[in-house]
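The values are calculated or read from the model by the stated rules, or taken from the named source; none is laboratory data. These figures come from a predicted structure and were not determined experimentally. Virtual Cβ from ideal backbone geometry, glycine too; neighbours counted across all protein chains shown.
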Amino acid sequence: MSLQDVNARSAPSGMFLWQCRLARARVAMVGFPASTMMSRLRASMPGITPLGYVALVGCEELTKLFLEHGAESVPNERGDLPEDLARHNHHCHLLPLLDTFPT
């Protein structure tokens, strides 16, 4: 993995990996929208790309920067695309930037 790879995927390990797995189980039980922000964040971490992370937290400036540098819409291990993460976390201002199929 290169430090310049805007499509690098997160690979949690150790105790943090177990926290991610626990959060994923919680999210599966109560649903993504009804989960706490920390549960949504941890459940989404395995396999997330930088673009997915900034979509999850709602940072428009970094979303634009990553897209300008070739970031692709890659799903995390849950299958969430950056567009899905933005939508589920109420970051609607990012949807035009992340729209996979523009109208």
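Here are the numbers for this structure:
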| read-out | value |
| --- | --- |
| Residue within the stretch 23-33 that is in contact (Cβ under 8 Å) with a residue 24 or more places away in the chain and of a type in the set (Gly, Ala, Ser) present | no |
| Residues of the stretch 63-92 satisfying the condition of being farther than 25 Å from Val27 by Cα and assigned to a loop (DSSP other than H, G, I, E, B) | His69, Gly70, Ala71, Glu72 |
| Search result, residues across the stretch 33-51 that are assigned to a helix (DSSP H, G or I) and either farther than 13 Å from Cys20 by Cα or among the hydroxyl-bearing types (Ser, Thr, Tyr) (or both) | Ser39, Ser44, Pro50, Leu51 |
| Within the stretch 52-62, considering residues that are assigned to a helix (DSSP H, G or I) and small (Gly, Ala, Ser), the one nearest to Asn89 (Cα to Cα) | Ala55 |
| Hits in the stretch 52-90 - residues which are crowded, with 22+ Cβ neighbours inside 10 Å and either free of Cβ contacts under 8 Å to residues at least 12 places away in the same chain or within 20 Å of Arg21 (Cα to Cα) (or both) | Gly52, Leu56, Asn76, Asp80, Pro82, Leu85 |
| Flag for Met38 being over 16 Å from Leu97 (Cα atoms), at pLDDT below 95 and not assigned by TED's automatic domain parsing to the domain that holds Leu95 | yes |
| Qualifying residue in the stretch 5-26 (condition: at pLDDT 95 or above, outside any helix (DSSP H, G or I), out of contact with any helix residue (DSSP H, G or I) (no Cβ under 9 Å at 6 or more places or on another chain) and among the polar types (S, T, N, Q)) | yes |
